[in-house]
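First comes the structure, then the notes that go with it.
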Amino acid sequence: MAKQWKVESDQAIDAELRDRVLDKIEEGTLAMGDMKDFFTVFTQICNNTEDIQDEVERFDRVFLIKIDGQPFAWLEIRNLKFRMGSGDSEKPDITMEMNGKTAVEIFSGRTDATAAYMNGDLRVNGVINDAIQFRTILELVQEELE
C-alpha cells in the first residue's frame, strides 16, 4: 500500500521540487510515480499565486481524482485555500476518473482536459462547470511552471 500524503494550505512553494517537476514535464518523462510531487507543487502554487486566488473566490469545492478506477487524490478548495491529499473523499462535489496515461498527459499539459473528456478518456461525475473551473486552475498552474 502506498504511503499517504497531504499538502496543507500554509506550505510555501518548494523551489527545488518545483524545478524537478518542471524538468520532468519539459523532458516528457513525468510519470505516475511523480504524481505526488506534481500535486504537491500544484497545491503550493495554488496557495501562493494571486491569479489563482482570484479565480477561486467564492468557489468552495472538493474534487476527487480517480486514476484507473481507484481514489488517487482529493483536492479541497475552501475560503481561497487549497489542501490536497491521497486517497478518498467522503463527499466530493465532483469526481474525475481517468487512466494513468491520461492523468499524466493532462497534468503535464500534453493533452487538453476538454479533448480527453470529449474522447471519453476523462469521465466527470458532478457539475461540468466545476470541471471546467478545475481545468482553468490547472492551466494557471501550468503557466506558473513555465
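No lab work stands behind these numbers, since they all come straight from the coordinates. Fair warning: this is a prediction, and the values are worked out from it, not measured in the lab.
Quick one: what are the phi-derived ³J(HN,Hα) couplings along segment 124-133, Karplus 6.51/-1.76/1.60 with θ = phi - 60°, whole Hz, x for glycine and proline?
10, 10, x, 6, 4, 4, 5, 5, 5, 4
For the chain, what class follows from the C-alpha gyration tensor (a ≥ b ≥ c being the square roots of its eigenvalues): rounded when a/c is under 1.5, otherwise prolate if a/b is larger than b/c, else oblate? Mind dumping the intermediate values first?
Details: a/c = 1.24, a/b = 1.04, b/c = 1.19.
Note, shape of the chain comes out rounded.
Would you kindly derive the ³J(HN,Hα) couplings of segment 113-118 from the backbone phi angles with the Karplus curve 6.51 cos²θ - 1.76 cosθ + 1.60 (θ = phi - 60°), listing them in order in whole Hz, with x for Gly and Pro?
4, 5, 4, 4, 5, 5
Could you tell me whether segment 42-95 comes out rounded, prolate or oblate from its Cα gyration tensor? Rule is a ≥ b ≥ c as square roots of the eigenvalues, rounded for a/c under 1.5, then prolate if a/b exceeds b/c, otherwise oblate.
Values: a/c = 2.72, a/b = 1.84, b/c = 1.47.
It is prolate, given that a/c is not under 1.5 and a/b is the larger ratio.
Give me the distance between the Cα centres of segment 1-73 and segment 95-111, rounded to whole Å.
13
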